[in-house]
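Down below is the structure, laid out as structure tokens.
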Amino acid sequence: MHFCKKHNDLMSKTVINNDKFLGLAALPIQDIEAACFELERAVKELGLIGASIGTDFPGGFNSAPLNQLYEKLVELDVPLFVHPASTDGRLGLRDDRLENYNLSLSLGYAYEETLAVAQIIFGGVLNRFPELDICISHGGGCFSFLAEKMTKLAKFADKDFDYLGMVKNLWFDTHIEGQSAKSLLYEFANNQKIVFGTNFGGFDTPEAIHPDAVALSVNAKKLLRLL
């Protein structure tokens with residue numbers, strides 16, 4: 001909690017008088033009541049416009065304790081951004097097979113994002129909170145590649161919902177590599193809920209701003225409550 005408060009205080013100071021940046025709050029997900037309290041403080045007192053969380057917490061996105069956080073996000077009318085934690089992190093999920101070659105940053109992240117999509121849809125999160133806006137980084141990992149397979153899985157599991165239809169209620173960013181991957185994202189995601197994503201300073205930092213950045217700006221403004 002102390003780290004999150006310090007982070008959010010500094011984030012607020014960075015963006016409060018800057019017309020180029022907006023800030024997202026860090027939340028102590030291991031304590032949902034504290035997370036809700038800090039989210040409200042960050043939005044109402046610090047001027048932050050939403051929250052950003054990782055994926056390395058017990059229970060996953062369909063766990064009952066998170067309902068309280070989802071309810072608070074809807075109450076405050078702010079979005080939630082999901083970016084995975086490194087699966088070989090000191091305090092996060094660990095898979096020693098990803099330890100070499102920085103595979104945690106590629107395969108590990110994609111797995112975490114794909115799992116998040118599945119947990120949210122199969123867990124009925126968007127049924128319980130239809131006004132909740134969740135944006136998942138890196139195009140939702142491998143969700144678009146597996147979209148039709150997950151649809152069959154839903155039928156096999158006797159789940160009474162339209163998996164592909166529910167996916168269209170999620171937001172995704174475009175920070176994925178290759179036109180084929182982007183084409184799949186645009187095929188299965190709601191094109192009105194795709195926003196431009198980049199990774200400044202990472203190994204996959206783009207060499208130039210992609211035209212998508214301008215084309216998707218209206219979507220981003222909707223997600224960030226700027227319209």
Cross-link partners among aspartates and glutamates for residue 44, C-alpha distance below 14 Å, same-chain residues fewer than 8 apart left out?
-> 9, 75, 77
What does the highest-first list of 62-70, 174-182 look like by mean Cβ count within 10 Å?
-> 62-70, 174-182
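First check a/c for the range 119-177, with a ≥ b ≥ c the square roots of the eigenvalues of its C-alpha gyration tensor; if it is under 1.5, answer rounded, and if not, answer prolate when a/b is larger than b/c or oblate otherwise.
On the way: a/c = 2.72, a/b = 1.24, b/c = 2.20.
The shape class here is oblate.
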Dipole magnitude of the range 22-148, debye to nearest 20 (Cβ charges: Lys/Arg +1, Asp/Glu -1, about Cα centre) | 80 debye
With the calculation restricted to Cα positions, what are the radius of gyration and Dmax of the range 1-69 in angstrom?
-> 12.4, 38
Enclosed volume per residue, in Å³, of the convex hull spanned by Cα atoms of the chain | 136 Å³
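Scan the range 1-107 for GluC sites (Glu not before Pro) in coil per DSSP, keeping those whose Cβ has at most 15 other Cβ atoms within 10 Å, and list them by number.
Numbers: sites: 33, 38, 40, 45, 71, 75, 99; in loops: 45, 99.
Sparse-neighbourhood loop GluC sites (Glu not before Pro): 45, 99.
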Using 0.36 nm per residue, how much length does the chain from residue 99 to residue 75 gain when fully extended, once their Cα-Cα distance is taken away?
-> 4.6 nm
Each label sits 7 Å from Cα toward the beta-carbon; between residue 56 and residue 225 the label points are separated, in nm, by 3.0 nm
Rounded to one decimal in nm, the spacing of the 7 Å Cα→Cβ label points at residue 128 and residue 191 is 3.4 nm
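Quickly estimate the mean residue ellipticity at 222 nm for the chain, helices only: each DSSP H run with n ≥ 4 gives -39500 (n - 2.57), and the total goes over all residues, rounded to 500. Walk me through the numbers before you get to the answer.
Numbers: 10 runs with 94 residues, N = 227.
-12000 deg cm²/dmol, from helical runs alone.
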Cα to Cα, under 15 Å, and not fewer than 8 places away if on the same chain: which aspartates and glutamates meet these conditions relative to residue 159?
-> 148
Any aspartates and glutamates whose Cα falls less than 19 Å from that of residue 72, other than same-chain ones fewer than 8 residues away, would be 31, 33, 38, 40, 45, 131, 133
Show the residues, 5+ positions off or on another chain, whose built amide H is closer than 5 Å to the amide H of residue 175.
-> 138, 139, 197
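If you count, for each residue, the other Cβ atoms within 10 Å and average over each peptide, how do 101-111, 10-20 line up from highest to lowest? Provide the component values of the computation, followed by the final result.
Details: 101-111: 17.8, 10-20: 11.8.
Going by the mean number of other Cβ atoms within 10 Å, highest first, we get 101-111, 10-20.
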What list of ³J(HN,Hα) couplings, whole Hz, do you get for the range 29-38 from phi and the Karplus terms 6.51, -1.76, 1.60, once you set θ to phi - 60° and write x for glycine and proline?
-> 5, 5, 9, 5, 4, 5, 4, 5, 4, 5
Connecting every pair of Cα atoms under 10 Å apart in the chain and solving the GNM, the largest mean-square fluctuation among 172, 129, 200 falls on 200
For the range 123-180 and the range 1-72, what is the separation of their Cα centres, given in Å?
-> 23 Å
Prolate/oblate/rounded label for the range 95-203 (Cα gyration tensor, a/c 1.5) | prolate
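Readers should treat all values here as calculations from the given coordinates under stated rules, not as data from a laboratory. Since the structure is predicted, the reported quantities are computational estimates derived from the model, not experimental observations. Every residue, glycine as well, gets a Cβ built from its backbone with ideal geometry; the counts of neighbours run over all protein chains shown.
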